[in-house]
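Everything below concerns the one structure shown next.
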Amino acid sequence: MLKKISMLLFAGILLIIVSSCCEDSITSPPQTIDPTASMPTNFTIQNPDINVLELSWEDNCNWEKELRIDRRIDDDEDYTEWINIARLSANSTSFTDNNVPYQTYMQYRVYAYYDDTMHSEYAILDYYITLSIPDSIEITKLDSSTLRITWSNIQGWIDGYKIQRKTSWSDWEDYATLDKNVDEFVDDNLDLEGYHLYKLFSYKGEETSYNKVVGYNKVEMIYVEGGIFTMGNTWEDITGNPDEYPIHEVTLSPFYIGEYEITDLSYDLFRGYYSDTSSSPIVPAGWTFWFEVCGFCNYLSEVEGLDPCYTFEEQANNYDEVILDLSANGFRLPTEAEWEFAARGGIHSIDNYKYSGSNEFLEVGWDSWGNEIGQKEPNQLGIYDMSGNSKEYCWDNYGEYTSENQTNPIGPENGEYKVIRGNYYYSHKTVSLRDNCQIYGSAGGENGFRIVRNAD
């Protein structure tokens, strides 16, 4: 009996010693854990091969025994139950999954694990292995008959790329098949008077990715000789709005201005969502924002190999401030004075037509917006639709006129609103008519624009 009691006491002492050793060798997690702070972050997934995914993350925990990865699959009805596929040593930051089914929605979660009652929050990502559209696609005009398309390859396991082309005079056609290591395509000996559209696909076997359409649509420009004109309402028989006075003399340097308003096709190529069914090469762009239009001008300048006129500086109000460089040779919005001078016919403004090219409104203007460009008569310079189709943005901040003579004015230094010209729904509709819009406000469907660039 005494021997049995002695053995029990010895076992108890041994248990206490072992417990103490365990407590000394394991760093116990704190009683209260912030799961958001301790969960893995910057969880990303890469797809280096057709059935391989590389998972990576940052480990923000110092108490885990291991990192765990679970996976579940969408079986067309709902996601299956989570299954643990990996138990990694503490402080691990990557894992490669080599058995990933193709074209199946996968969901992964990674978390720091201590025991069944203690683990961090889950970092979760979805992935679907399929052919991806080539990335960073851009088009540039190299010269008067050559276009270059460039892109980057984000999937090394594809077979290559395919290109289809559509011009003003043709339907879509299969045009080129390229090796997967190629990242540019040059198309030369072109007649760039019309538009050229390209669909770029990645492919593997018979399967192709979705496509991205890029293209070139020439913007016809009209030269406007510099000169002096009287700006504002200059007609005794028409009473203008108060903001059309006082009339004043303006001197302008020469410039080029768009023969037509920028079309829906050109703007969709900039936005990156061209549709065969919704875009027309001869309908003005609508639902545009003034701020976004400045970005279009830079985009078109880069396509043409010109220096952009605008830079964008981040402001505290979450909007960028647009800075104009008038010395750049790229495209920009017209100043209000440039717009009115061109609408009046430039040096032919002595004709003093009420509308852009005529004293009969319906010869040159529309009572509605969104009509095909160039369907009315042009003005004396050959410019269309300045007396109504879309309303057209200008660069200037909206403000009152001055009676003083001006040279190349660019409007007030500050303002919440931007000038709009060419409004079709006012009663008198003359080329002196002014309107305005908020810089960051919502776009109306009728809000369009045309572009200018310096003549030198």
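Just so it is clear, none of the values below were taken in a lab; they were calculated from the coordinates. Keep in mind that this is a model prediction, so the values were computed, not measured. Note that each Cβ is placed from the backbone with ideal geometry, even for glycine, and that neighbours are counted across all protein chains shown.
How much mean residue ellipticity at 222 nm does the chain get from its helices, if each DSSP H run of length 4 or more adds -39500 (n - 2.57) and you divide by all residues, to the nearest 500 deg cm²/dmol?
Computed mean residue ellipticity for the chain: -4000 deg cm²/dmol.
Could you line up T251, T402 from fewest to most neighbouring Cβ atoms inside 10 Å?
Fewest-to-most Cβ neighbours within 10 Å comes out as T402, T251.
Mind jotting down the three principal axis lengths of the range 35-128 based on Cα atoms? Whole angstrom, largest first.
Taking max minus min along each principal axis of the Cα atoms, the range 35-128 gives 37, 28, 19 Å.
Placing +1 at every Lys and Arg Cβ and -1 at every Asp and Glu Cβ, with all other atoms neutral, what dipole size does the range 177-229 have around its Cα centre, in debye to the nearest 20?
With Lys and Arg at +1 and Asp and Glu at -1, about 280 debye.
Normalised by the empirical 2.2 N^0.38 Å for globular proteins, what value does the Cα Rg of the range 135-217 take?
Against the empirical 2.2 N^0.38 Å value, I get 1.07 for the range 135-217.
Determine ³J(HN,Hα), in whole Hz, for all residues of the range 84-99 in sequence, where each value follows from phi through the Karplus function 6.51 cos²θ - 1.76 cosθ + 1.60 and θ = phi - 60°; x replaces Gly and Pro.
6, 10, 7, 10, 10, 5, 4, 6, 5, 9, 7, 7, 10, 9, 9, 10
So what's the net charge close to G160: Lys and Arg +1, Asp and Glu -1, counting the other residues with Cβ under 9 Å from its Cβ?
So the environment of G160 carries a net charge of +1.
So which of K354/K391; K166/K376; K141/K204; K218/K418; K376/K429 end up more than 21 Å apart, counting from Cα to Cα?
From K354/K391; K166/K376; K141/K204; K218/K418; K376/K429, over 21 Å: K166/K376; K141/K204; K218/K418.
Where both partners of a DSSP beta bridge lie in the chain, what percent of those bridges are antiparallel, to the nearest 5?
95 percent
If you count, for each residue, the other Cβ atoms within 10 Å and average over each peptide, how do 213-222, 258-267 line up from highest to lowest?
Answer by packing, highest mean first, reads 258-267, 213-222.
Which percentage, to the nearest 5, of the DSSP beta bridges contained in the range 221-454 is antiparallel?
Rounded to the nearest five, the antiparallel share is 85 percent.
With N set to the number of residues, divide the alpha-carbon radius of gyration of the range 196-302 by 2.2 N^0.38 Å and report two decimals.
For the range 196-302, the normalised Cα radius of gyration comes out at 1.59.
What does the range 125-171 give for Rg and for Dmax, in Å, if only its C-alpha atoms count?
Radius of gyration, then largest Cα-Cα span, for the range 125-171: 14.8, 47 Å.
If the viscosity is 1.002 mPa s and the temperature 20 °C, what translational diffusion coefficient in µm²/s does Stokes-Einstein give for the chain when Rh comes from Kirkwood over Cα pairs?
The calculation lands on 79 µm²/s.
Mind putting a number on the dipole of the chain about its Cα centre? Charges go on the C-beta only, +1 for Lys and Arg and -1 for Asp and Glu, and I need it in Debye to the nearest 20.
Using only the charged Cβ atoms, the result is roughly 1220 debye.
When the Karplus curve 6.51 cos²θ - 1.76 cosθ + 1.60 is applied with θ = phi - 60°, which whole-Hz ³J(HN,Hα) does each residue of the range 110-117 get, with x for Gly and Pro?
With coefficients 6.51, -1.76 and 1.60, one gets 10, 7, 7, 10, 10, 7, 5, 10 Hz.
Long-range amide H contacts for M221: which residues qualify at under 5 Å (H placed 1.01 Å from N, peptide plane, sequence gap of 5 or more or a different chain)?
The answer is E259.
If you put +1 on each Lys and Arg Cβ and -1 on each Asp and Glu Cβ, how big is the dipole of the range 262-413 around its Cα centre, in Debye rounded to 20?
Magnitude of the dipole: close to 360 debye.
Express the relative contact order of the chain as a whole percentage, based on alpha carbon pairs under 8 Å and six or more residues apart in sequence.
12 percent
Quick one: compute the contact order of the range 221-454, relative version, from alpha carbon pairs under 8 angstrom and 6+ residues apart, as a percent.
This gives 27 percent for the range 221-454.
May I have the pair-distance distribution P(r) for the range 313-456, computed from all Cα-Cα distances with 5 Å bins from 0 and rounded to whole percent?
2, 10, 18, 22, 21, 15, 9, 3, 1, 0
Distance between the C-alpha centers of the range 82-120 and the range 195-230? Whole Å please.
Result: 45 Å between the Cα centres.
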